[in-house]
Structures are given as structure tokens and as C-alpha cells.
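See below for the structure under consideration.
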Amino acid sequence: MINFSLRKFVDENISRFDPGNSQDLIRAEKLLKAESKINQTFSINEIEEFLDHLKNQKYEFEHVLSLPVIKSIYHDIYPENLNKKPDLSGIPETEIEEFREVFSPYLEEFISVSIRNNQWQNLISFHHFYFQFFSPESLDYYKELLHDKNALIINGITENADMVLFRKNYPFSVDKKFYYLQSVIDNFEFDHDILTINNVIAENQKTSIDNKAVLGEILTALLHFTASSKVTRNIIRQNQSVAQDWKNQKSGFFNNLTNGIANFFAKSPNSGFVLFLSTVILGLYLLSYFFVFTLGGRAILFYGIANAIILYLAYRNFKYYFNFFKPQDLAETLAKLAGTLLITLTTGFPLLLMIGFGIMYAVISVSGAKFPAGALLPLIFLGIKLFVNKDK
């Protein structure tokens with residue numbers, strides 16, 4: 001790659017330097033080699049490549065290099081004012097074509113730095129205003145970097161247990177401009193990537209509430225990709241209501257309460273207090289069995305039914321709020337079990353009463369040769385409600 005910073009050094013030290021003048025070229029060669037010996041700023045190979053380029057180039061690129069953005073990239077300086085439309089009317093197409101090949105490695109460096117720093121708006125603006133400066137090689141390089149980013153998102157969703165941390169480390173995953181950029185560059189090229197991201201979200205949706213909120217953000221951001229395929233467009237559009245539901249699952253009084261409980265038991269820095277509290281909660285729950293057995297048959301029947309419901313709801317709540325635990329870590333295991341039980345009892349208490357008393361009423365009625373008509377309507381209503389919300 002030609003080091004064009006040598007040109008800047010020559011221009012600063014040789015007044016009105018003209019590459020077409022053989023005497024100026026000789027002066028430039030002496031100047032650069034002297035600088036190389038004294039300060040070792042440039043290598044001999046860099047100097048030779050640069051001088052060969054000057055001798056062989058047909059254009060001075062004076063029109064192209066009058067564009068501040070192009071000039072900055074050409075001199076390895078990150079450009080400013082990328083959102084300002086340039087005037088390209090006075091630049092010959094032949095000059096751009098000649099410059100494009102020389103410019104390619106510098107453009108690739110600009111793209112790489114921008115992607116590394118999540119400068120999606122700058123890349124969108126550059127693509128809109130300076131598309132003709134892309135060589136086929138630099139465009140292929142650009143697409144490959146974006147494919148790599150998409151692959152990182154796909155692997156993250158598939159393999160990452162903590163999507164909140166993933167979002168923090170890779171913010172582009174929920175950035176709408178990242179997906180919009182891909183449709184600007186080549187929506188056909190990236191259509192499969194976007195559909196795959198959507199599909200892995202669907203395959204991994206049975207996860208904790210925090211993870212689901214992040215997956216909802218990714219689904220929302222995907223909407224800004226203008227897919228070439230009608231199938232992809234429709235799938236992404238249809239999933240937006242699901243995405244909104246997932247993002248809203250942490251809003252509202254009960255959702256905030258249960259999420260606060262989950263965070264306390266899973267992330268509290270005071271592990272000693274959490275362990276003590278967990279032991280008390282689980283201990284009281286186990287002691288309740290002994291108390292119920294002293295109350296007689298109906299109490300035992302109700303408590304048995306209620307606890308069957310508790311175990312089912314607790315299983316779903318555990319997967320929803322905590323997702324996993326480490327059996328070898330006793331403190332963490334007890335904390336998450338206690339947190340799950342507390343969440344289940346807090347949010348499911350009306351449901352436990354309704355189902356518990358309803359089924360107990362039905363059992364007593366049947367045992368007395370009576371039809372439990374009073375339980376039918378509530379049970380039908382409850383069954384419909386549970387079926388409609390089975391995925392929540």
C-alpha cells in the first residue's frame with residue numbers, strides 16, 4: 001500500500017511541488033531519503049513505491065482531493081462532516097476511476113475503524129454521497145465485515161446465557177442504523193443474515209425476562225432493514241407485536257415487583273443476607289405442610305391442589321426469571337429457589353385461591369353426587385385465558 005503521507009511531507013518542504021517536473025522528483029527523492037536516514041520516518045521501500053507512483057500516475061487527483069472527506073481518508077485522518085453532500089459535478093469520471101484503485105486500501109481502513117466504533121450513521125452518509133469511490137474489492141471487504149457482525153449476533157443469541165451483558169458489549173445488535181446500513185449497501189446480500197437472526201430469536205425465546213427484553217429490542221431494530229424478499233419483510237413485520245410485548249414485560253406494578261425480586265435474589269451483593277432470607281422463606285414454606293396436616297381433610301385437599309399449581313407456576317417462573325442455576329453453588333441455588341417461590345406466591349396468589357377452591361368445590365360436589373355447576377364458568381374463562389397467554 002502506497003504511503004501517501006510522503007506526499008504531504010514533500011508538499012510541506014518543496015514549494016509548488018510538481019510531479020510532472022523531473023527536477024522536482026529528484027529533489028523529492030533526496031529529501032525523503034535524507035529524512036529516512038535522519039529520523040527513520042519512512043522506509044526505503046515506501047519511498048520507492050511512492051516515487052514510482054508519482055512517475056506513472058496520469059492524474060494529480062487535484063479535483064478528487066479537493067473534497068475534504070476524501071482528502072482526510074486519503075491521509076489516514078478520520079473525516080468530519082460526512083453528512084454534508086459534496087459537489088462532484090466538476091470531477092472527471094476518469095479521475096475518479098484512476099483514483100479508486102489507489103484509494104481502496106485507505107477506504108477499507110476507514111470502513112474498518114467506523115465499524116469497530118459503531119459509527120453507522122457515518123457509514124450510511126458516506127455510502128449515500130461517495131458510493132462511486134468504492135472499488136469492487138473494497139465493497140467486498142465492507143460486506144464481509146458486516147457479515148461477521150451478523151454472525152456474532154447469531155452466535156450470541158444461540159450461545160449467550162446473559163443477553164443483557166451481550167447487549168452492553170455489542171450495542172450494534174440493537175441499533176436500527178446497523179440494520180438499515182445493510183439494506184442501503186445490498187439488501188439482497190444480507191437478506192439471509194437478517195432472516196437467520198429472526199429465526200434464532202424464535203428458537204431461543206424461552207429464556208429469562210431480561211434476555212427476552214433484549215431479544216425484543218433486536219426484533220424491533222430488524223424492522224429498519226428493507227428486505228429484498230417479501231417473505232422476510234412480512235415475517236419481520238409480523239413479529240413486531242411480539243417484540244413490543246417482550247419489551248413491555250418489565251413495565252407495570254406486578255412486573256416491576258417480580259423483576260425487583262428476581263434481581264435481588266440473583267444479583268444482590270449481600271450474599272449472606274440473601275442466604276439467610278432464602279433459608280427463612282424455604283423453611284417457612286416446608287413448615288406450612290405440617291401446619292396444614294393439623295387442619296383436616298379439606299385443608300389438605302386444598303393445599304395439595306394449590307401446591308401442584310405452585311410447582312407448575314414456579315417451574316415456569318424459574319425459567320422466565322432465572323433460566324438456570326449452578327447446583328454446585330448452594331447459596332445461588334437456594335436464593336433462586338426462594339426468589340422463584342416468592343414471585344410465584346406474590347403474582348399467583350389470586351390464581352391459587354381461585355383454582356384451589358374451584359377444584360376443591362368440584363371434588364366435594366362430585367363426592368356428594370352433585371354436579372359442580374358453579375365451577376364451570378370460572379374454569380372455562382380461566383382455561384381460555386391461560387391458553388391465550390400460554391407463551392407469556
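Scanning region 126-141 for residues that are part of a helix (DSSP H, G or I) and of a type in the set (A, V, I, L, M, F, W, C), we see that the one that is farthest from the chain's Cα centre (by Cα) is F133. Residues in region 85-118 that are assigned to a loop (DSSP other than H, G, I, E, B) and either buried (at least 19 other Cβ atoms within 10 Å of the Cβ) or free of Cβ contacts under 8 Å to residues at least 24 places away in the same chain (or both): D87, S89, I91, N117. Screening N56 with (1) without any contact (Cβ under 8 Å) to a residue 40 or more places away in the chain; (2) open to solvent by less than 50 Å² (accessible area, probe 1.4 Å) gives one miss only, at (2).
Residue-level check: of (1) in contact (Cβ under 8 Å) with a residue 12 or more places away in the chain; (2) assigned to a loop (DSSP other than H, G, I, E, B); (3) not polar (S, T, N, Q), I77 misses just (1).
Yes/no matrix, rows are residues, columns are (1) modelled with pLDDT under 95; (2) part of a helix (DSSP H, G or I); (3) loosely packed, with under 15 Cβ neighbours inside 10 Å; (4) among the charged types (D, E, K, R):
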| site | (1), (2), (3), (4) |
| --- | --- |
| T158 | yes, yes, yes, no |
| F172 | no, yes, no, no |
| N187 | yes, yes, no, no |
| F190 | no, yes, no, no |
| I197 | no, yes, no, no |
| A213 | yes, yes, no, no |
| R233 | yes, yes, no, yes |
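In region 136-150, the residues that are farther than 23 Å from Y170 by Cα form Cβ pairs under 7 Å with partners that are of a type in the set (A, V, I, L, M), at six or more places apart or across chains, as follows: S138/L107. I'd like to know if region 119-132 contains one or more residues that are in contact (Cβ under 8 Å) with a residue 40 or more places away in the chain, open to solvent by less than 90 Å² (accessible area, probe 1.4 Å) and within 21 Å of F17 (Cβ to Cβ). Checking region 119-132: not a single residue is in contact (Cβ under 8 Å) with a residue 40 or more places away in the chain, open to solvent by less than 90 Å² (accessible area, probe 1.4 Å) and within 21 Å of F17 (Cβ to Cβ).
If I go through region 19-44 residue by residue, how many of them are under 26 Å from E97 (Cα atoms) and either in contact with a Pro (Cβ under 9 Å, 6 or more places away or on another chain) or loosely packed, with under 13 Cβ neighbours inside 10 Å (or both)? Result for region 19-44: 4.
The values are calculated or read from the model by the stated rules, or taken from the named source; none is laboratory data. All of these numbers come straight from a predicted model, not from anything done at the bench. Neighbour counts run over all protein chains shown; Cβ positions are idealised from the backbone, glycine included. Ligands, DNA and RNA are excluded from the accessible area calculation, which covers all protein heavy atoms including side chains. Shrake-Rupley method; radii C 1.70, N 1.55, O 1.52, S 1.80 Å.
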